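The values are calculated or read from the model by the stated rules, or taken from the named source; none is laboratory data. On a predicted model such as this, the values are computed, not experimentally measured, just so you know. Here the Cβ is made from the backbone with ideal geometry for all residues, glycine too, and neighbour counts use every protein chain on show.
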Amino acid sequence: MNGCATLYWYYLNLQLSAMRKWLVLTIGFLLGFSGLHCQDSLLKMPRGYLEKVSSKASQVETKLDNKSEKALRQIRKQEERIRRKLSKIDSTAAKNVFNTTKERYKQLEQKLKNPGKLGQYLPKLDTMATSLKFLEGNPQLLANMKDGKGKLDATFAKVKGMESQFQKAEDIKQFLRERKQYLKEQLSKFGFAKELKKINKQAWYYNQQVSEYKEMLKDSKKAERKAIELLSKTKLFRDFMKKNSMLAALFPVPGGSVSGQGSQAGFAGLQTRAQLTSFIQQAGMGATNTMSQFQQNIQGAQSQLTQLRNKLSQLAGAGGNDLEMPDFKPNSQKTKSFFKRLEYSTTIQSQKSSAFFPATSDLGLSVGYKPDDKSVIGIGASYKIGLGKGWNNIKLSNEGIGLRSFIDWKIKETFWLSGGYEQNYKSRLNGVVLTSPGAGTREVAAWQQSGLLGLSKTVSLKSKFLKKTKIQLLWDFLSYQQIPKTQPLLFRVGYCF
């Protein structure tokens, strides 16, 4: 009887244990399903994400394509000018130097038709492309988008096109480096330094323009930032990045794998720190100061490298000059688009009251275009508001409008030479007739001219909206011709944004 009871209790415990395991598995499955469902609901992509990515990729692709074609066309024309000029000096040399030019450019054209995979790492492009791959494998995240699959495919095509254009740009940069070196070697004895310098400038500006387009990728819109932020919060996407991103292919990280290989596959053949330490100790034949001597040598080498880097910086100059053009001061505005060269500003100018006019304040708004880093050309308009005759007689009134044109030329650091021409309509002079002895009567012109010349000082501001403050002291050399006369010295304060 005791044996049967023991067997019964043993069987009951087995059943209870099995039930407990079943309950744990069931609860775990339900929690996991609930968590996955919750995660999916959190990962619904913002509706504008694909449109923003597609628009940015299309814009950068088009700009890169146009700029690359323009750069090649300009440099090819410059080479043709050099060839014609050299032909007048030495026709045989011209034929020998440029006999393979057409073939070289044709080879480049063929290469650009099949640019291959991008050979450099662009973090923003990597994140953009990997997020699209992730969405391709998880189409449920696009359920809130109409025709999400079609939009994803179109966006993928745009990003691939942009990636191809970046690789084409790298191929062109390599080609230009080779052409520059070749022409320098062939033409150095003919005195074409000026022409070669122009080619160097064109190549330099092309490199800077490509860098500008890379920076455009970092300018993320709200929908892009929100989408990447949502994805980055999930372990699923982080694991996907470890295995499928371009960075993971270059430098595999622990826990990730690329193309089915282990996380250490990318490090095959590389020695560990312990192996290097052991090798150094063995090479020192047991010397106790081997490591300290090795460290001293490393420090000495780093010091020499620093000195060489400083010398190179001095040769290149503080303005980012090319070693081949030590006197070249690049114009950073040349690589910017038209709208990015525009500078908007507002100005305030006050004048005290006179016998004819009340105290006034001119509120101006202007837009300036920067052809280079040292000049600004612009136009604007102003509104003149009357403030009354004094503190005891404050009265707001409409005193007229003004049209402005100006040019600023940088003298040194924050000081600028400013000039301008303005037409000011003064409503109080409309229809006014003045009588003077010996001159009879005449009607005063409501539109009066101002010619301005003076100095400006700019003060940079750490503000989200206002970039700098501009203080101006101007001399109106046409004020002496105005009737009635106005004050010749003007003080203005402006704010650029």
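Look through GLY191, GLY161 and report the one residue that is small (Gly, Ala, Ser) and touching a residue at least 40 places away in the same chain (Cβ under 8 Å).
The match here is GLY161.
Table: residues versus (1) surrounded by 15 or more Cβ atoms within 10 Å (Cβ to Cβ); (2) in contact with a Phe, Trp or Tyr (Cβ under 7 Å, 6 or more places away or on another chain).
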site: TYR182; (1), (2): no, no
site: GLU185; (1), (2): no, no
site: SER188; (1), (2): no, no
site: LYS198; (1), (2): yes, no
site: GLN202; (1), (2): yes, no
site: GLU212; (1), (2): yes, no
site: LEU231; (1), (2): yes, yes
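Looking at this structure, is LEU387 modelled with pLDDT of 95 or more and not in a loop (DSSP other than H, G, I, E, B)?
Criteria not met by LEU387.
Hey, among VAL367, VAL376, which residue is assigned to a strand (DSSP E or B), surrounded by 15 or more Cβ atoms within 10 Å (Cβ to Cβ), of a type in the set (A, V, I, L, M, F, W, C) and touching a strand residue (DSSP E or B) at 6+ places or on another chain (Cβ under 8 Å)?
Working: VAL367 fails: surrounded by 15 or more Cβ atoms within 10 Å (Cβ to Cβ).
Exactly one of VAL367, VAL376 is assigned to a strand (DSSP E or B), surrounded by 15 or more Cβ atoms within 10 Å (Cβ to Cβ), of a type in the set (A, V, I, L, M, F, W, C) and touching a strand residue (DSSP E or B) at 6+ places or on another chain (Cβ under 8 Å), namely VAL376.
Mind telling me which of the residues ALA71, ALA143, ALA57 ends up being among the hydrophobic types (A, V, I, L, M, F, W, C), closer than 30 Å to LEU230 by Cα and within 21 Å of the chain's Cα centre (by Cα)?
Values: ALA71 fails: closer than 30 Å to LEU230 by Cα; ALA143 fails: within 21 Å of the chain's Cα centre (by Cα).
The conditions single out ALA57.
Determine if the stretch 392-402 includes at least one residue that is among the hydrophobic types (A, V, I, L, M, F, W, C), exposed (fewer than 14 other Cβ atoms within 10 Å of the Cβ) and either part of a strand (DSSP E or B) or touching a Leu at 6+ places or on another chain (Cβ under 7 Å) (or both). Break it down stepwise before answering.
Here is the first cut: in the stretch 392-402, the ones among the hydrophobic types (A, V, I, L, M, F, W, C) are 394, 396, 401.
Now drop any that are not exposed (fewer than 14 other Cβ atoms within 10 Å of the Cβ), which leaves 394, 396.
Retained after the next criterion (residues that are either part of a strand (DSSP E or B) or touching a Leu at 6+ places or on another chain (Cβ under 7 Å) (or both)): 394, 396.
So far as the stretch 392-402 goes, yes, one or more of its residues are among the hydrophobic types (A, V, I, L, M, F, W, C), exposed (fewer than 14 other Cβ atoms within 10 Å of the Cβ) and either part of a strand (DSSP E or B) or touching a Leu at 6+ places or on another chain (Cβ under 7 Å) (or both).
Could you list all residues from the stretch 139-158 that are farther than 27 Å from ASN66 by Cα and free of Cβ contacts under 8 Å to residues at least 40 places away in the same chain?
PRO139, LYS146, ASP147, LYS149, GLY150, listed by residue number.
Report yes if some residue within the stretch 461-470 is assigned to a strand (DSSP E or B) and either over 31 Å from the mean Cα position of the chain (by Cα) or farther than 30 Å from PHE328 by Cβ (or both); otherwise report no.
yes
Taking the condition over 44 Å from the mean Cα position of the chain (by Cα) and in the same structural domain as GLN351 (by TED's automatic domain parsing), does ARG404 pass?
For ARG404, the condition - over 44 Å from the mean Cα position of the chain (by Cα) and in the same structural domain as GLN351 (by TED's automatic domain parsing) - is not met.
Return only the number of the condition from (1) modelled with pLDDT under 75; (2) of a type outside the set (Ser, Thr, Tyr); (3) loosely packed, with under 15 Cβ neighbours inside 10 Å that ALA316 does not satisfy.
Single failed check for ALA316: (3).
Could you please find all residues in the stretch 95-117 being over 20 Å from GLU178 (Cβ atoms) and surrounded by 11 or more Cβ atoms within 10 Å (Cβ to Cβ)?
LYS95
So in the stretch 415-456, with the set limited to residues that are farther than 29 Å from GLY386 by Cβ and modelled with pLDDT of 90 or more, which one is surrounded by the fewest Cβ atoms within 10 Å (Cβ to Cβ)?
Residue satisfying both the conditions and the ranking: PHE415.
To keep it simple, each residue is scored yes or no on (1) crowded, with 19+ Cβ neighbours inside 10 Å; (2) at pLDDT below 70; (3) of a type in the set (A, V, I, L, M).
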| residue | (1), (2), (3) |
| --- | --- |
| LYS21 | no, yes, no |
| LEU25 | no, yes, yes |
| LEU36 | no, yes, yes |
| GLN39 | no, yes, no |
| GLY48 | no, no, no |
| VAL60 | yes, no, yes |
| LYS63 | no, no, no |
| LEU72 | yes, no, yes |
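Please verify whether the stretch 122-143 includes one or more residues that are among the aromatic types (Phe, Trp, Tyr) and outside any helix (DSSP H, G or I).
Pass one, the stretch 122-143, residues among the aromatic types (Phe, Trp, Tyr): 134.
Now drop any that are not outside any helix (DSSP H, G or I), which leaves none.
No: the stretch 122-143 contains no residue that is among the aromatic types (Phe, Trp, Tyr) and outside any helix (DSSP H, G or I).
What number of residues within the stretch 85-106 satisfy the criterion of being touching a helix residue (DSSP H, G or I) at 6+ places or on another chain (Cβ under 9 Å) and among the polar types (S, T, N, Q)?
Step one: of the stretch 85-106, the residues touching a helix residue (DSSP H, G or I) at 6+ places or on another chain (Cβ under 9 Å) are 85-90, 93-98, 101, 104-105.
In the following step, the residues that additionally are among the polar types (S, T, N, Q) were identified as 87, 96, 101.
Going through the stretch 85-106 one residue at a time, the tally reaches 3.
What do you reckon, is ARG83 within 30 Å of the chain's Cα centre (by Cα) and farther than 30 Å from ARG47 by Cα?
No: the conditions fail for ARG83.
Here are the criteria: (1) touching a residue at least 40 places away in the same chain (Cβ under 8 Å); (2) within 21 Å of ALA359 (Cα to Cα); (3) of a type in the set (S, T, N, Q). Tell me which single one SER418 does not satisfy.
Exception for SER418: condition (2).
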